[in-house]
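Scroll down for the structure; my scribbles are underneath it.
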Amino acid sequence: MKINSAEYVVSSPDFAKAPKPDKPEIAFIGRSNVGKSSLINMLTDNRKLAKTSATPGKTQMINHFIINNDWYLVDLPGYGFAKVSQNARNRWEQMIENYLRKRENLVNVFVLIDGRHGPQKIDIDFINRLGKWEVPFSLVFTKSDKETQRVVSKNVKDFLEKMRENWQFLPRHFVTSAEKKTGREKVLGFIEQLLLA
Ligand SMILES: Nc1nc2c(ncn2[C@@H]2O[C@H](COP(=O)(O)OP(=O)(O)O)[C@@H](O)[C@H]2O)c(=O)[nH]1
Ligand SMILES: [Mg+2]
């Protein structure tokens, strides 16, 4: 897919206040600092679209961008930021669960996983909840330039192995680097397929 335009639309505190669901929507989520903003900027070829933040966990809104005047790209607030209160965490849970379960134009969620590490419980738990809610998702292993290919491949393999404990079918997965633009064509090609389906 060629990206002709990418524009910020709005930030919403909950799904009910998000834009009218009149276009297909692809969302991105993951642990704080996993490289979500960097990936969105890399995919859209826009260095400032999703603000790459040095203070993780700060943006607690559902952020809508419109791509090619045709579909919405959604940047969801990250999970697993240690310094937020239980209260803020509960609010996040509620907002995310509502959005993921009720957003009628949601086509797919990309769950970002830090490719430098082995499987983390927090990511597996989140994915298992997606399963319970029957939300379609794929995996993106980020920051692949920060480790050797061998280590990243092992991390991916171990993650998928871990998923097998709960899942009969494994999701599509991609390996990316925002730094090196690795995986850009594959992810965009997959989004194109999703939008055609
Ligand atoms: N080397 C490298 N660093 C990355 C990559 N993606 C993100 N980062 C860095 O990781 C940190 C967190 O990235 P950010 O996109 O803000 O993460 P977010 O909190 O998930 O939105 C920043 O310092 C980024 O520069 C990548 O693919 N390669
Ligand atoms: Mg971010």
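The values are calculated or read from the model by the stated rules, or taken from the named source; none is laboratory data. These numbers come from a predicted model, not from an experiment. Note: ideal-geometry Cβ built from the backbone for every residue, glycine included; neighbour counts use all protein chains shown. The protein model used for the area step is the full one, side chains on, heavy atoms only, and it has no ligands, DNA or RNA in it. Shrake-Rupley method; radii C 1.70, N 1.55, O 1.52, S 1.80 Å.
Summary table below
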item: Qualifying residue in the stretch 78-85 (condition: hydrophobic (A, V, I, L, M, F, W, C), open to solvent by 30 Å² or more (accessible area, probe 1.4 Å) and in contact (Cβ under 8 Å) with a residue 24 or more places away in the chain); result: yes
item: Strands (runs of 3 or more DSSP E) wholly inside the stretch 52-131 containing at least 2 residues that are aromatic (Phe, Trp, Tyr) and closer than 29 Å to Met1 by Cβ; result: 71-75
item: Conditions (1) at pLDDT below 90; (2) surrounded by 17 or more Cβ atoms within 10 Å (Cβ to Cβ); (3) over 14 Å from the mean Cα position of the chain (by Cα); number of the one not met by Arg47; result: (2)
item: Residue match in the stretch 143-155 (condition: touching a residue at least 12 places away in the same chain (Cβ under 8 Å), closer than 26 Å to Arg47 by Cβ and assigned to a strand (DSSP E or B)); result: no
item: Members of the stretch 149-178 that are acidic (Asp, Glu) and more than 17 Å from His117 (Cβ to Cβ); result: Glu165
